[in-house]
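Scroll down for the structure; my scribbles are underneath it.
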Amino acid sequence: MTDLPGLMAAADVLVDNAAGQTAVQALAAGLPVVGHRPLPGHAVAGVQEMARAGLSRHAAGQGEPARTVRALAAPGPDRDRQTTAARAVFRGDAAAELERLAADGRVASAPAR
């Protein structure tokens with residue numbers, strides 16, 4: 001599938017196992033994220049850290065993924081809390097901020113090629 005933004009716009013919740021780029025794209029799109037059965041290694045830490053930060057939920061127990069998805073899929077305080085926390089992470093355009101800092105002389109610009 002090549003239309004990830006379209007899929008996210010049509011979805012109510014992303015269930016993810018890695019806390020990687022797909023989860024970050026979902027957060028940027030305002031789509032709640034549920035971490036479930038994270039892959040061994042860095043994904044476990046990522047899912048746990050995202051949940052601790054309030055950016056996602058870690059659904060670990062039996063029956064938990066379904067309860068969590070139901071709670072986040074419908075409009076309400078659970079969904080609002082998570083999407084508000086996610087929006088706060090994406091405050092601005094990183095490239096525009098770097099350009100501004102470079103123009104102010106606080107960051108060296110890359111040499112021309």
Inset, instruction - Take each uninterrupted DSSP H stretch in the chain, measure its Cα extent along the helix axis, and return the ones at 24 Å or beyond whose mean Kyte-Doolittle hydropathy is at least -1.0. - result: none
Inset, instruction - For V89 and Q62, compute 0.36 nm times the residue count separating them, minus their Cα-Cα distance, and round to one decimal in nm. - result: 6.7 nm
Legend entry - Label-to-label distance, nm, for residues given as D104 and T22 (7 Å Cα→Cβ offset): 3.8 nm
Inset, instruction - Measure off 7 Å from each Cα along the Cα-to-Cβ vector at A96 and H36, then give the distance between these two points in nanometres to one decimal. - result: 3.6 nm
Legend entry - 222 nm mean residue ellipticity, helices alone, for the chain (DSSP H n ≥ 4; -39,500 (n - 2.57); rounded to 500): -15000 deg cm²/dmol
Legend entry - Cα-Cα P(r), the chain, percent of pairs per 5 Å interval: 2, 12, 19, 20, 15, 10, 8, 7, 4, 2, 1, 0
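Readers should treat all values here as calculations from the given coordinates under stated rules, not as data from a laboratory. What you see is a predicted model, and the numbers here were worked out from it, not measured in a lab. Reconstructed Cβ throughout: ideal geometry from the backbone, glycine too, with neighbour counts over all protein chains shown.
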